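The values are calculated or read from the model by the stated rules, or taken from the named source; none is laboratory data. This is a predicted model, so every value here is computed, not measured. Note: ideal-geometry Cβ built from the backbone for every residue, glycine included; neighbour counts use all protein chains shown.
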Amino acid sequence: MDSLPQLSTRMASLLVFLIGTKCTVAQSNDGSFKGSTINQGTSYFYYQQPEYPKDCNYVLSQCSSSNVSGVHVINPIGYSHPFEVYCESENNSRGWTIIQRRLDGSISFNRSWENLKNGFGFLSGEFWLGNDKLSYLTNQGVYELRIDLTLDNGSYFYISYNPFRISDEWNQYAIVSTGSFEGNGDNAVTHCPLHMIYGTCSCQPTCSNPNGTNSCNRNCEETESCICADGFLKKGVECVTPSECGCYVTEINKVVPNGESYINNGCTEKYTCHNDELNSDSNYRCSPNAECIFKDGVRQCHCNEGFEGDGETCSPLYTDCYDAYQAGHTEDGVYTILPSGWPASPFNVSCVMSTNGGGWTVFQRRSDGVTDFYQNWTSYRYGFGSSDGDFWLGNEQLHYLTNQKNYKLRVDIITSGGSSKYDEYTSFRINSNNNKFRIDDIGSHSGSATNGMYYTNGRSFSTYDQDNDGCGNHNCAQRHRGAWWYANDWCSYCWSYRHCTDFQYSSSCTVQCAYSNPNGDYNGGNGEHVIWYDFCHINFSEMKIRPT
């Protein structure tokens, strides 16, 4: 470790007394003090009503010897018990109480609050006397602080502050006064302006940001400077009370951060802070379909269940795209819905409003192969992809949707040759997760796409990690690199010819699990790619439902 400059911080009363040696002080019956040098073997019982000096100056004034330097016992006024200090004399005229000494780095000064409060180290070497003792010492009279420093090169200088006083623990031992400065070294104490204290730089609360966390310059955190005292906020270069900030709200005795709002009790007035100015909106009111409640740390108008909006305006949430269509929405796009009984938050769906009668809720779309559809059970259960692109809505969502009304199913495809085809089914409903999202009703078929849902009625949904297809010899989701209501009617047959729905089982045998594989690999080979019955490698598919 590099050698440290010798440092001694000491404090002396302005009152000047003679130097004495190590002694105790007794108070006689008439109230006067008596002092005597303590020689080896001297009895302490000689004294009546024993009293301790309150600092090293009192040690100097009461002892009969001329050598006061060394360890003595003192008891400042009001302190709970006597304690040892190191005293030094100056030309037999002043007794200094040493509060800190650094010599060689043998003691770590990187200590906890409690250590610094009570003191640590050895009076004969490096030590810190303790903030609590220092507080009692400096508040029993008028004191001077002197700092003596010796550098590595032997240079010596000192700094003196007069008067010097610190506060108590309640006030975090803040320096109350450092008085005038003199000495042959630079001024080591920063004098802080009004409402500031000296401390470690931190993310200080400001009028714009009373919480002191956002937009904070953290580059200063290891430095020391003047910072706002507790209860004050930074405004420019000054520290002010909250009421002096531009966005102070009397009702709550707090400052509203810049860009945020406060709404009063009853939600009849809204205050918004903009550029440190508070703007009031006395016309703020909750919608008839909203309540004024305190939620997530903020009081404001919140729309009732089944409605959406900012609380001032609340519109009914649609149970599906057909509800939105009936309400006058005729543009294709993404809408927010809340199916009956849905236990979670409203969710977005893609709605087809402009064709085939409008009001179609889309639950699957394939268009470009960018989105990977070879997903696990959980992904298909809750959905993946983007509502304005390729996606699977989610089997949970589809279950709640198809069980709140009677729905029909429509599947639109574009073949590899660019032809548009479709299938429609008069009913469509799927079961819950506990029943593997089984198709309970598929209805009768019409359309030009040759019935791609053939043999799916009553089938459970399968993914590569949940094999529910009933084909004991095969995991159909793995074989077809997809996820679907795979059938078990044909998977036990070995076909000598090869169709695009078949996967190769052996050199002379092909097998198929379904007539369609719309969630297959967009760029896959035979048996793996996107298939709809007789149409192989289809370019586009879209599956959607609408109430009957």
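Some notes on this structure:
- Qualifying residue in segment 443-459 (condition: part of a loop (DSSP other than H, G, I, E, B), over 18 Å from residue 543 (Cβ atoms) and among the basic types (Lys, Arg)): no
- Per-region count, segment 99-113, residues under 20 Å from residue 146 (Cα atoms) and free of Cβ contacts under 8 Å to residues at least 12 places away in the same chain: 0
- Filtered residues of segment 342-370 (kept if of a type in the set (Gly, Ala, Ser) and assigned to a loop (DSSP other than H, G, I, E, B)): 344, 345, 354, 357, 358, 359, 367, 369
- Note on segment 236-320: enclosed strands (runs of 3 or more DSSP E) holding 2 or more residues that are among the aliphatic types (A, V, I, L, M) are 290-295.
- Condition met for residue 339 (touching a Leu at 6+ places or on another chain (Cβ under 7 Å), touching a residue at least 24 places away in the same chain (Cβ under 8 Å) and crowded, with 18+ Cβ neighbours inside 10 Å): yes
- Given (1) surrounded by 16 or more Cβ atoms within 10 Å (Cβ to Cβ); (2) of a type in the set (Phe, Trp, Tyr); (3) without any contact (Cβ under 8 Å) to a residue 40 or more places away in the chain, number of the condition residue 96 does not satisfy: (3)
- Taking first residues from segment 523-537 that are under 13 Å from residue 421 (Cα atoms) and not assigned by TED's automatic domain parsing to the domain that holds residue 456 and partners that are part of a loop (DSSP other than H, G, I, E, B) and hydrophobic (A, V, I, L, M, F, W, C), no Cβ contact under 7 Å between residues at least 6 apart in sequence or on separate chains turns up.
- Qualifying residue in segment 78-98 (condition: aliphatic (A, V, I, L, M), closer than 27 Å to residue 160 by Cβ and modelled with pLDDT of 95 or more): yes
- Of the set (1) among the aliphatic types (A, V, I, L, M); (2) in a loop (DSSP other than H, G, I, E, B); (3) in contact with a strand residue (DSSP E or B) (Cβ under 8 Å, 6 or more places away or on another chain), all apply to residue 487 but (3).
- Selection count, segment 368-392, where residues are under 31 Å from the mean Cα position of the chain (by Cα) and of a type in the set (A, V, I, L, M, F, W, C): 1
Conditions (1) under 18 Å from residue 435 (Cα atoms); (2) touching a residue at least 24 places away in the same chain (Cβ under 8 Å), marked per residue:
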| site | (1), (2) |
| --- | --- |
| 352 | no, yes |
| 359 | no, yes |
| 362 | no, yes |
| 374 | no, yes |
| 384 | no, no |
| 395 | yes, yes |
| 401 | yes, yes |
| 405 | no, yes |
| 408 | no, yes |
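- When the criteria are applied in full, residue 427 fails the requirement of being modelled with pLDDT under 95 and either in a loop (DSSP other than H, G, I, E, B) or not hydrophobic (A, V, I, L, M, F, W, C) (or both).
- Output for segment 299-313, where each listed residue is more than 23 Å from residue 397 (Cβ to Cβ) and not basic (Lys, Arg): 300, 301, 302, 310, 311, 312, 313
- Of all residues in segment 309-335, those that are charged (D, E, K, R) and either assigned by TED's automatic domain parsing to the domain that holds residue 267 or buried (at least 18 other Cβ atoms within 10 Å of the Cβ) (or both) total 2.
- All of 350, 387 fail the test of being closer than 28 Å to residue 535 by Cα, surrounded by fewer than 19 Cβ atoms within 10 Å (Cβ to Cβ) and of a type in the set (Gly, Ala, Ser), apart from 387.
- Meets criteria (over 22 Å from residue 475 (Cα atoms) and in the same structural domain as residue 462 (by TED's automatic domain parsing)) for residue 383: no
- Residue list for segment 460-483, restricted to those being more than 43 Å from the chain's Cα centre (by Cα) and part of a loop (DSSP other than H, G, I, E, B): 469, 470, 471, 472, 473, 474, 475, 480
- Wholly enclosed strands (runs of 3 or more DSSP E) of segment 114-184 bearing at least 3 residues touching a residue at least 60 places away in the same chain (Cβ under 8 Å) and surrounded by 16 or more Cβ atoms within 10 Å (Cβ to Cβ): 143-150, 156-166
- The set of residues from segment 304-358 being under 21 Å from residue 382 (Cβ atoms) and out of contact with any strand residue (DSSP E or B) (no Cβ under 8 Å at 6 or more places or on another chain) comprises 339, 340, 341, 342, 343, 344, 345.
- Candidate set from segment 435-490 (those that are among the β-branched types (Val, Ile, Thr) and at pLDDT 90 or above); member that is farthest from residue 421 (Cα to Cα): 463
- Residues (part of a loop (DSSP other than H, G, I, E, B), surrounded by 14 or more Cβ atoms within 10 Å (Cβ to Cβ) and at pLDDT 80 or above) located in segment 62-77: 69, 75, 76
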